[in-house]
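Notes for the one structure printed next.
The values are calculated or read from the model by the stated rules, or taken from the named source; none is laboratory data. Not measured: the values here are computed from a predicted model. Glycine also receives a Cβ, built like all others from the backbone with ideal geometry; neighbour counts cover every protein chain displayed. For accessibility, only protein heavy atoms count, side chains too; no ligands or nucleic acids. Shrake-Rupley method; radii C 1.70, N 1.55, O 1.52, S 1.80 Å.
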Amino acid sequence: MSIEIKVKDKVNKEAENNFSENSFVKPLKDFFEEMTLLTKFAFRFFKEVVKPPYEFNEFVKQSYLIGYKSFPLVAITGLIMGLVLTIQSRPTLAQFGAESWLPAMVAVSIVREIGPVITALIFAGKVGSGIGAELASMKVTEQIDAMEVSGINPFKYLVVTRIISATFMLPILVVAANAISLYGAYIGVNIEGNVSFLLFFSQVFEKLSFTDVFPAIIKTFFFGFAVALISCYKGYNSNKGTEGVGKAANSAVVFSSLLIFILDMVAVQLTSLFSK
Amino acid sequence: MQKTTGNKMKLGIFVTLSISLFILGIYLIGQRQQLFSSTFQISGIFKDISGLQVGNNVRFSGINVGIIDNIKQITDTTVQVDMLIDENARKFMKKNAKAIIGSDGLMGNKLILIIPGAYGKAELADNDFIETTQPVSMDDILIKIKIASDNAANITENISAITQNIREGKGTIGKLFMDSTMGENVDQALINIKQGAGGFKQNMTAASHNFLLKGYFKNKEKNKKSEK
């Protein structure tokens, strides 16, 4: 009798497992589990960030690696972005005889949206994958465990410093990228036209307002935080050996990029709500 | 150690430059909005502000001298518009200057144009109310265009009727153009006039040789010569 019950239980369990493995329940369950762990990770960050000791030297080092080292890539992207946007917009404006609006239109597009989002995506690609892979390889090679054993708080040293650096470095990169993009737009305007440097920037600042600049810069703090948080989370919690390193780097970039767009959508909605 | 110091220096320069650029941008935007310059406030009362918004420019003699600071509805038919004007422009803005709502080009933003007042009047003071002129609205223009196009349609209809009459040979002009008998009559009349003029010329030649009129013609010739 007891053997019969055991067999029945086993069959039921197998059926349950098959159902959860093959249906939409498992991915959904995994997603919510992941979200819970990510939220715990974020709470741990906020707890650790206010607690001394503060790793200031590591913060400066990470700022250099995350911010300064990303600048060439961001600068080239920004220059091309401004140039291409200007060249592409000119024919449409020319149809309306509104070519004189080109500097103002390009400036608003760059400062409000394209500058922050494109820079954040480039940042996610370069920095996000770097953080994800670095922390994952440290985890796989048990360096993080070694740090814990030697009395260093690895979370504070590795995660907190990276997240703070990324949060403050991305807005700075965006400001630099916007300036370079506007210079690219100036070159673009002068490919077919003849607009002086002074006139171009006069037209640019004529149409820009604080409601264009501040919300765009504020949202980049969130972009930077999101990229670093997800990348650190993916790297810090990676496993499955060397395979996990690649997976962590890849998923860090994918989820960071997705989160940038989601945050941007929320930021745009909030901006339009408050600017009414 | 040296490398770390170098990296810190690079990072410091990069951060400082970026923050300086940001502050410069903020300053330039603020300057356009008269935030960092000395200003005075004037107001104007309008019946209809045609979509004017806070932050739009105020233009005097084609130069941007200020911005719209505030817009408030006073009664159901009047709107008060407060303007912040650059202090440097005050000396040119007289008490009898007029404000009118215009637009920056065909598709541009709305703005307030201040028309200079007569020379010799006192300058506008802080919180003064400026005289306003109601702008011509797009609806008014469209109504006038509609009237003009209706008139044009009537005129072309009349012209069409006239040309139709001419083609059918109705009326004097129609007969002149289309009736061949009339044309022949006109031709004959012209021939008769020509013949009559020839006969008249002969008569006048004969009269000039007549002894009764000879004296008159000689005096006329003499007068002509003396005038020369």
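Mind listing whichever residues of the stretch B:1-58 are among the small types (Gly, Ala, Ser) and within 11 Å of chain A (Cβ to nearest Cβ)? Across the stretch B:1-58, the qualifying residues are B:Gly6, B:Gly12, B:Ser18, B:Ser20, B:Gly25, B:Gly30, B:Gly55.
Candidates B:Ile67, B:Ile112, B:Ile71, B:Ile101: the one that is part of a strand (DSSP E or B) and either small (Gly, Ala, Ser) or within 14 Å of another protein chain (Cβ to nearest Cβ) (or both) is B:Ile67. Just one of the listed residues (A:Leu170, A:Leu85, A:Leu79) is hydrophobic (A, V, I, L, M, F, W, C) and within 22 Å of A:Val254 (Cα to Cα), namely A:Leu170.
Note on the stretch B:5-58: among residues that are open to solvent by less than 40 Å² (accessible area, probe 1.4 Å), part of a strand (DSSP E or B) and of a type outside the set (A, V, I, L, M, F, W, C), the one that is modelled with the lowest pLDDT is B:Asn57. Scanning the stretch A:33-68 for residues that are assigned to a helix (DSSP H, G or I), surrounded by 16 or more Cβ atoms within 10 Å (Cβ to Cβ) and within 14 Å of chain B (Cβ to nearest Cβ) turns up A:Glu58, A:Phe59, A:Val60, A:Lys61, A:Gln62, A:Ser63, A:Tyr64, A:Leu65, A:Ile66, A:Tyr68.
Scanning the stretch A:261-276 turns up at least one residue that is part of a helix (DSSP H, G or I), out of contact with any Asp or Glu (no Cβ under 6 Å at 6 or more places or on another chain), at pLDDT below 90 and small (Gly, Ala, Ser). When the stretch A:147-157 is filtered for residues that are in contact with a helix residue (DSSP H, G or I) (Cβ under 9 Å, 6 or more places away or on another chain) and part of a helix (DSSP H, G or I), the ones remaining, listed by number, are A:Met147, A:Glu148, A:Pro154, A:Phe155, A:Lys156, A:Tyr157.
Exactly one residue out of A:Val204, A:Val213, A:Val195 is outside any helix (DSSP H, G or I) and touching a residue at least 40 places away in the same chain (Cβ under 8 Å), and it is A:Val195. Condition check for A:Arg162 on (1) surrounded by fewer than 24 Cβ atoms within 10 Å (Cβ to Cβ); (2) over 17 Å from A:Gly82 (Cα atoms); (3) more than 9 Å from chain B (Cβ to nearest Cβ); (4) at pLDDT 85 or above: one failure, at (1).
Checked against the criterion of being β-branched (Val, Ile, Thr), within 14 Å of chain B (Cβ to nearest Cβ), surrounded by fewer than 22 Cβ atoms within 10 Å (Cβ to Cβ) and touching a residue at least 24 places away in the same chain (Cβ under 8 Å), the candidates A:Thr271, A:Thr242, A:Thr167 yield just one match: A:Thr167.
Does B:Met178 meet the test of being in contact (Cβ under 8 Å) with a residue 12 or more places away in the chain, more than 30 Å from B:Gly117 (Cβ to Cβ) and not acidic (Asp, Glu)? Yes: the conditions hold for B:Met178. For the residues A:Ser231, A:Ser209, the requirement of being surrounded by 22 or more Cβ atoms within 10 Å (Cβ to Cβ) and small (Gly, Ala, Ser) singles out A:Ser231. Scanning the stretch A:202-220 for residues that are within 12 Å of chain B (Cβ to nearest Cβ) and closer than 23 Å to A:Met265 by Cβ yields a total of 10. Considering the stretch A:190-201, and only residues there that are surrounded by 14 or more Cβ atoms within 10 Å (Cβ to Cβ) and within 13 Å of chain B (Cβ to nearest Cβ), the residue that is nearest to A:Pro91 (Cα to Cα) turns out to be A:Phe200. Within the stretch A:121-137, restricting attention to residues that are open to solvent by less than 40 Å² (accessible area, probe 1.4 Å) and in contact with a Leu (Cβ under 7 Å, 6 or more places away or on another chain), which residue is modelled with the highest pLDDT? Looking at residues that are open to solvent by less than 40 Å² (accessible area, probe 1.4 Å) and in contact with a Leu (Cβ under 7 Å, 6 or more places away or on another chain), I get A:Phe123. Among the residues making up the stretch A:87-100, a single one is open to solvent by less than 30 Å² (accessible area, probe 1.4 Å), among the hydrophobic types (A, V, I, L, M, F, W, C) and assigned to a helix (DSSP H, G or I): A:Leu93.
Annotation: B:Ile63 fulfils all but one of (1) in contact with a helix residue (DSSP H, G or I) (Cβ under 8 Å, 6 or more places away or on another chain); (2) open to solvent by less than 80 Å² (accessible area, probe 1.4 Å); the unmet one is (2). Out of all the residues in the stretch A:11-21, is one or more more than 14 Å from every other protein chain (Cβ to nearest Cβ) and either buried (at least 16 other Cβ atoms within 10 Å of the Cβ) or at pLDDT 90 or above (or both)? Among the residues of the stretch A:11-21, not one is more than 14 Å from every other protein chain (Cβ to nearest Cβ) and either buried (at least 16 other Cβ atoms within 10 Å of the Cβ) or at pLDDT 90 or above (or both), which makes the answer no.
The residues listed here are A:Val84, A:Val74; of these, the one that is open to solvent by 10 Å² or more (accessible area, probe 1.4 Å) and touching a residue at least 24 places away in the same chain (Cβ under 8 Å) is A:Val84.
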